[in-house]
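Input: a single structure, listed below in structure tokens.
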Amino acid sequence: MKPNSIALTEMVKKLGYKDYTNIANKIANVLKDKEDFEKKYIVTNRDNNIHRVEKIEVLRESETLVDNIAILMQYPHLFGRDADTYAPYRELLNGVDEKSFKLKVQRKSDKLKTDIKRSQNSLKMIPSFMSAILAEKSIDIRTQSLRELLEKTKGNNEIVDLQNTYELASWNDILELKEEIENSSDDSSLYQKLGEKFFEIGEYEESLQALDKSTDLNPENGISWAIKSIIAHKHLTLIKKEHVQALARTDFSGEIANPITAEEHWINERVEDTYGDLAAIRKEFLSSAINALSFWPAWDIKRSYGKAEGKPNFFYKLDMSHDTDIELKRQFLFLAMINEIDAHTFEVNRDKLVEIIRSFQSWDTSQYPCNSAFHDLNNNDKANVFKVLSLVSSEDIKAALIDYFHEKHYHPLRARRYLELLKLNNVSVLYCQFIGKKEYGRQLSLLLNLDIKNQEIDNLNQLATMHFCEVKSSLVKVKRKFKADLESEFRPPNLFGEEINMSSEEVKTSLTNALNISAGWDDYLESPAWQKYPHTFELDRYFFSLLLTSSLLELIHFKHIERNIGCLHELSENETSMRSALSEIPSYFYCALIDRIDTDKLEKEQRDNLKFALDVIYKFRLVLDEEEADESLYYC
């Protein structure tokens, strides 16, 4: 040992610290990894014996620094967190902001008071719990109330307060984990559990300290990285809100040029500070998220088929692992990550990120060029997926755009979503860049026409649905009457309502009233939707039910004979339309209506045509009856 050097452990011991070995180890980590302390103060860093911990010698002149680092170990919450620098050194050298520092001290004081109160509350419950348990020979928790037993031990004048049970239970777990950590060698999983417990009660700073230690000990602890990413994302969301509020004071023009008043200077400082905080916390979130997704818990058995053979079979949610209770979907974290990522961060972490992206494509880009769950995402998330695929390669983004914006996937009901996505600025730029402006224009026109079709059909459905519901409501009593007439041979009269006593004249009046309400239904046959897309499956069943019901009502009243027979023929020729129409018209009601059509008034050709159409429709109705009966038996 050189005359001007001393073993770090010895120096710490001479300074009067009890746990000098542990303290020296923590100080050594700072001296070796932070700033340029190692070059200036560490003389040797050797291991003379393979079975001994390395011995570190430092210059004697480092005593002040070593003593200060030991003192600062008690106050990590009062300074920032940075993986590359020693935050207390930087902040104290530059001078702390008095207001901010006092606020941190106040928060730390409040936190310590809260911790003391938790311990006191937990301690307070232990004697009562012991007395309650020992007072009974045995306790069946299925029938005996522990609350009542606790109240007996407390006496009549004291209430058993159980409202903070979850917090105290977590606090007891935290104390046990801390004790377990003190009595064992460094274990990443223990620090992970400790961090998780702190996270559950909202103590994010303490949680991050434990999780940082966990990932230091095991950089592949995906659960710890995942919890860190959740905390960072919460913080990021808060900082974004603060930054927007600061920008709002400048009408979103950035900093105020040539500030004069103290308030204007303060606003500029706030904009600058929140922007700096935003960049720092975004970097922290992305780092945590990338590692979490890379080391996400997985099934023991790897994938064994196709291009994914040998790849990890990741859990869908974090809590599918037995090592955590935190609920977090892997896809949610992926989408949150790609929402924040930029080209520079992508290039720095290219290998990890490409592998993460491939995992969401099931490692089969031919089958899932976008994402295995791409169609379930909202348009902003889809746009972000396209963004990161463009960072992977030009081939990836081309394949994704061609596959997703392909006519085989288009459907009128989804056309607007496709159109809105294609019009998003970053998607339109990518499409024109990698597919071409001409094809972009063609896709826009195609989707616009599909959207117009959807709107026309939707308008017709809206009108027809309201109209049919009005007609249906006017026929409620008549339908009950017809059903009662059918069942009267098998059931006594007292089981039916007053509808069974409706006279023939009252039935006729109700049918006439329904006819009047149905007036105008034929206008829908002239609508653009029916003229352009007759019998399309996008038309609602109420539209076809209105057509069938109104045609039968008009035939009963001997109105528009040719048109109505033609309408029934057209319906009978299309099975899908006929099924839709009959879905709201049961057999007994259909039969009762057609029985009231006076076919003797019709000419022979009209009568034959009508009989043919009605027979076809009736056969359809019988098929539906059989299907409904089979379905009823299945569910029974």
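Annotations
- Per-residue SASA entry for LEU238, accessible area with 1.4 Å probe, Å² rounded to 10: 90
- For the residue pairs LYS178/LYS311; LYS111/LYS234; LYS477/LYS559; LYS481/LYS532; LYS111/LYS193; LYS102/LYS241, the C-alpha atoms sit more than 28 angstrom apart in LYS178/LYS311; LYS481/LYS532.
- Sorted peptide list for 367-380, 5-18, criterion being average Cβ within 10 angstrom, highest first: 5-18, 367-380
- Taking all protein chains as shown and a probe of 1.4 angstrom, LYS483 keeps an accessible surface of around 90 Å².
- Sum of side-chain charges, GLN455 neighbourhood, beta-carbon under 15 Å (Lys, Arg +1; Asp, Glu -1): -1
- Alpha-carbon spread of region 493-636, three principal axes, descending order, Å: 51, 42, 29
- Of VAL478, TYR440, TYR17, farthest towards positive along the dipole that unit charges on Lys, Arg, Asp, Glu beta carbons give the chain: TYR17
- Projected over every direction and averaged, the convex hull enclosing the alpha-carbon atoms of region 93-199 yields 11.5 nm².
- Separation of the GLU628 and ASN426 label points, Cα + 7 Å toward Cβ, nm: 5.2
- Per residue, the solvent-accessible area of the chain (1.4 Å probe, heavy atoms of protein chains only, all protein chains present) comes to 58 Å².
- Dipole moment magnitude, nearest 20 debye, region 511-636 about Cα centre, only Lys, Arg, Asp, Glu C-beta charged: 320
- Accessible surface of the chain, 1.4 Å probe: 50 percent of it comes from carbon and sulfur atoms.
- Whole-angstrom gap from region 287-360 to region 1-24, using each part's C-alpha centre: 44
- Positive minus negative residues near LYS307 (Lys, Arg vs Asp, Glu; Cβ under 15 Å): 0
- Averaging Cα coordinates gives a centre for region 395-452 and one for region 571-636; these two points are 44 Å apart.
- Peptides 98-106, 574-582 ranked from most to least packed by the mean count of surrounding Cβ atoms within 10 Å: 574-582, 98-106.
- P(r) tail, the chain: Cα-Cα pairs separated by more than 35 Å, 66% of all pairs.
- The listed residues ARG282, ARG107, once ranked by accessible area (1.4 Å probe) with the largest placed first, stand as ARG107, ARG282.
- Low-density loop positions, trypsin sites (Lys or Arg not before Pro), region 514-575 - DSSP coil, at most 15 other Cβ in 10 Å: LYS559
- Nearest-20 debye value, the chain charge dipole, Cβ charges on Lys, Arg, Asp, Glu: 1280
- Taking each residue as 0.36 nm, the span from LYS102 to THR237 lengthens on full extension beyond its C-alpha to C-alpha distance by 46.1 nm.
- Label positions at LEU123 and THR576, each projected 7 Å from the Cα along the C-beta direction, are separated by 7.5 nm.
- With a cut-off of 16 Å on the backbone N, the residues of region 374-389 near the modelled label site 7 Å out from ASP458 along Cα-Cβ are 379.
- Segment ASP364-ASP212, extension gain: residue separation times 0.36 nm, minus the distance between their alpha carbons: 51.3 nm
The values are calculated or read from the model by the stated rules, or taken from the named source; none is laboratory data. Given the structure is predicted, the values throughout are model-derived calculations rather than measurements. For neighbour counting, all protein chains shown are included, and Cβ atoms are generated from backbone atoms with ideal geometry for every residue, glycine included. Surface accessibility is based on the protein's heavy atoms, side chains included, excluding ligands, DNA and RNA. Shrake-Rupley method; radii C 1.70, N 1.55, O 1.52, S 1.80 Å.
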